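Scroll down for the structure; my scribbles are underneath it.
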């Protein structure tokens, strides 16, 4: 029996996602095979906006519903011959395609596209509601799997300069939430910091993306265009309905909050200083076409020391949160292996590492967990992303 083709709803698909099923047009013609990555093209954009068709029996919902149906028949002592007919003739007329489950990478691709779209709209409708939904969806994933989420987003940020502004906004949000937990900020201040993290560059995204993708350093005209973008972002946020004074102040001053203790500052200025250090950390971990990303330890040192070269209170809170070698960063171990940090440890210098390249320099068949508290497996060096040439199987790492 031919499988039933069902439509996917609009925006189920995302550019960059790995397909968990075959994609067809309405006439049953195969467009993309399962396992392919949806690269950006007019056809793919059309599928994202207009939807496509899939075999019902390739979806998670179908398999679950069929299993439930067969279990019910068995419990009712239905003859095996009738159960076999139910298996081959089952149709999922009540399938809800919008419940197709996405893996971690596809889910973050989805959130990335939402962030890109929302922060670039000139006259966004229901901005506050949509931003809160985006924030909550991202934080739900962070709270469920904090280390895996950090590893995924930090590693992908270190490899890509495309969609820089949206990716940076999401990474800043995650780090800001973790720092807020570290400092035990009140729920109100934590929410203000989260909002400021997502929107600190509101309106400047296209300019930041151009800078990330161009070969030459920023021109004088580009630097001038970006000057005071915090002021402009705060003004735009006020226009679309943001009224939280601490949030708006943090956005307005996130490039101007200088060094010094946090206790003496106003609430908004305190959040601005935290945001400044988090912003700097994420930027150091991310490459541009004109410069390479720093290694994890160098990015951490850049925020631990302030503009005067002194230990920084806000930066220290961030390092206590993510460690000197944050998840997603590349390290070399004392035994000669090279791997990726996959989980924070009890100390900032002793995370769990997944070895990917053996002592001989050859890739390992599968990632191997290493405990850096052991002398032979201790971290010997932090490596810049550009020094690491191996193609990483993130799906395997996410299962560790």
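Within this structure, residue 283 fails the test of being in a helix (DSSP H, G or I), surrounded by fewer than 24 Cβ atoms within 10 Å (Cβ to Cβ) and touching a strand residue (DSSP E or B) at 6+ places or on another chain (Cβ under 7 Å). State whether one or more residues within region 221-228 are in contact with a helix residue (DSSP H, G or I) (Cβ under 9 Å, 6 or more places away or on another chain) and under 25 Å from residue 294 (Cα atoms). Within region 221-228, one or more residues are in contact with a helix residue (DSSP H, G or I) (Cβ under 9 Å, 6 or more places away or on another chain) and under 25 Å from residue 294 (Cα atoms). For residue 366, the test of being surrounded by fewer than 17 Cβ atoms within 10 Å (Cβ to Cβ), modelled with pLDDT of 95 or more and touching a helix residue (DSSP H, G or I) at 6+ places or on another chain (Cβ under 7 Å) is failed. Based on this model, can you work out whether residue 301 counts as surrounded by 19 or more Cβ atoms within 10 Å (Cβ to Cβ), in a helix (DSSP H, G or I) and either assigned by TED's automatic domain parsing to the domain that holds residue 235 or touching a residue at least 60 places away in the same chain (Cβ under 8 Å) (or both)? Criteria not met by residue 301.
Of all the residues in region 327-347, those that are under 15 Å from residue 371 (Cα atoms) and assigned to a loop (DSSP other than H, G, I, E, B) number 9. Within region 177-236, being part of a loop (DSSP other than H, G, I, E, B), in contact (Cβ under 8 Å) with a residue 12 or more places away in the chain and closer than 27 Å to residue 266 by Cβ holds for 183, 200, 201, 202, 203, 204. If the condition is being surrounded by fewer than 22 Cβ atoms within 10 Å (Cβ to Cβ), in contact with a helix residue (DSSP H, G or I) (Cβ under 7 Å, 6 or more places away or on another chain) and farther than 17 Å from residue 146 by Cβ, then region 325-356 contributes 333, 334, 335. Among the residues of region 306-324, some residue qualifies, meaning at least one is assigned to a helix (DSSP H, G or I), in contact with a strand residue (DSSP E or B) (Cβ under 8 Å, 6 or more places away or on another chain) and buried (at least 20 other Cβ atoms within 10 Å of the Cβ). For region 360-377, the criterion of being within 22 Å of the chain's Cα centre (by Cα), outside any strand (DSSP E or B) and on the phi < 0 side of the Ramachandran plot is satisfied by no residue at all.
The values are calculated or read from the model by the stated rules, or taken from the named source; none is laboratory data. This structure is a prediction, so every number in the text was calculated from the model and none was measured. We place every Cβ from the backbone using ideal geometry, glycine too, and count neighbours over all the protein chains shown.
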